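Report on the following structure.
The values are calculated or read from the model by the stated rules, or taken from the named source; none is laboratory data. If you're wondering where the values come from, they're calculated on a predicted model, not measured in any experiment. Please note: Cβ atoms are built from the backbone with ideal geometry, for glycine as well, and neighbour counts cover all protein chains shown. In case anyone asks, the SASA skips ligands and DNA or RNA and just uses the protein heavy atoms, side chains included. Shrake-Rupley method; radii C 1.70, N 1.55, O 1.52, S 1.80 Å.
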Amino acid sequence: MKSKVLVIPGGFVPYNDTVTLLSYKHLRGIDAEFDVIALKAKEDEGIKQSLKNDKNFNKFNVEYFIDYDDVVATFERKNVISGFFNILRYCFFCFKKAKTKNYSFVYTSSVPSFTHLAGFLIKKFLKKDIVWIASFSDPLYKSPYKKDEDSFKEYSIIKKIGFYVYIFIYMNGWYEKIAQKHADKIIYICEEQRDFMISHYKHKKELLDKSMVIPLNYIKDWDIYSKLLNKKTTQNSVKIVSHFGRIYGLRKIDKLLLALKELNEEIPNLDKLIIFKQYGQILDRYTNLIKEYKIDNIFKCFDKITYNEVMENMYSSDILALYDTFVDENDIQPYLPSKSLEYLLLKKDLLILAQKTSPTYRLFSKYGFKCTSNDVSEIKNRIKEIIYGDKISYDYDILDLENENCTKILKDYMKKIMVEYK
């Protein structure tokens, strides 16, 4: 009889989100039966089609408890109170589910971080011998994003209150603390994230021993990834530099915009040589700077687009931009942008703004990409290289990013426990 795993991920595939994909990728290669208690959200057609052709998905029995938007409150819906009670309902529903079968494992993932509360309740009060595996895509406790004063200043009074309420309910460091203390295994996406999170606790050796790093990875047989691997390069008459995703918080572009302003003053008809495109949320501070610097013909902003549209625009861009999180140069920068994987698979030239203590800098330098520090002069020089330099092609082995290779460490860990259970 196969071992049974209770999966508590919040959202789950085919809902398209970094964490839903992480959860499925972590577990798909494990020889076990999976019961998933998920929150219902919009399904991505590309992922849905890939799952139909993935025999591993047959191992997952997905049960939807409630809509994702009814649990995770938004400023627009103003459903904080009902969302909070739905969190509790979700966690206790998972707790009751754990009573119905002899589960060997419980797997939780964040965000949403309250999934770890459900894992804690099951481990602490129901099945002390169950093996709890907790996955984190980002730090919760002492997260640098909670201390971003520049962005906080821009919020209205209502949004400032909402920010603190959201952090308290959905990004509370307590969720991380209970997982670090009670989970049997903690999964991180990179070494920097692991080191940052462990640094805040006393029993560092114990936490390091139960840590596991599984990097962002791809499934070779999925169309959404094979298309990236096989796409031909693009060359436009006016070079297009595209960024996909939000620009907010510690992901700062003040110096990039200043560099573009100075280049626009130095180089005639700059907009005939290069265009920057931003798809997704951008702070008012930056849109105001774009107008003030008179570079709205060079740096163009668009609303968020669908995943398929993102892919098409990635293919048609000459350069892809990666604006990293910036913290104090002496601190560990624990965040790795989720688009890093797609960028590596495409093997296009990149404009990367990153500091040397970041996982972005380490990872992309390893594959031969140039990373630029957050300095106006260096950014200007890098943009000139993009405009006037020869087209760069990249050729590197990406087998170490393939799903089966990346998740072998988890597969071996769970297999060993399964043998011991028998």
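Scanning region 221-235 for residues that are out of contact with any Leu (no Cβ under 6 Å at 6 or more places or on another chain) and open to solvent by less than 50 Å² (accessible area, probe 1.4 Å), we see that the one that is nearest to Leu350 (Cα to Cα) is Thr234. Of everything listed in (1) within 19 Å of Asn403 (Cα to Cα); (2) of a type outside the set (A, V, I, L, M); (3) surrounded by fewer than 20 Cβ atoms within 10 Å (Cβ to Cβ), the single unmet condition for Glu45 is (1). As a summary of the residue check, Asp324 satisfies the conditions (1) modelled with pLDDT of 90 or more; (2) under 19 Å from the mean Cα position of the chain (by Cα); (3) surrounded by fewer than 21 Cβ atoms within 10 Å (Cβ to Cβ) except for the one numbered (3). Taking the criterion of being more than 20 Å from the chain's Cα centre (by Cα) and either assigned to a loop (DSSP other than H, G, I, E, B) or within 23 Å of Ile305 (Cβ to Cβ) (or both), the residues of region 23-44 that qualify are Gly29, Ile30, Asp31, Ala32. When the residues of region 237-278 are filtered to those that are assigned to a loop (DSSP other than H, G, I, E, B) and open to solvent by 50 Å² or more (accessible area, probe 1.4 Å), the one that is nearest to Ser393 (Cα to Cα) is Ser237.
Evaluation of Pro215 against the conditions (1) touching a Gly at 6+ places or on another chain (Cβ under 9 Å); (2) in contact (Cβ under 8 Å) with a residue 60 or more places away in the chain shows that the sole unmet condition is (1).
Select from region 1-42 the residues that are touching a Lys or Arg at 6+ places or on another chain (Cβ under 6 Å), open to solvent by 10 Å² or more (accessible area, probe 1.4 Å) and under 24 Å from Phe120 (Cα atoms) and list them in ascending order. Hits for region 1-42 are Lys4, Glu33.
If I filter region 146-153 for residues that are open to solvent by less than 60 Å² (accessible area, probe 1.4 Å), modelled with pLDDT under 95 and within 22 Å of Tyr64 (Cα to Cα), do I get at least one hit? Checking region 146-153: not a single residue is open to solvent by less than 60 Å² (accessible area, probe 1.4 Å), modelled with pLDDT under 95 and within 22 Å of Tyr64 (Cα to Cα).
Restricting Lys177, Lys227, Lys204, Lys181 to residues that are of a type in the set (Lys, Arg), more than 28 Å from Lys356 (Cβ to Cβ) and more than 22 Å from the chain's Cα centre (by Cα) narrows the list to Lys181.
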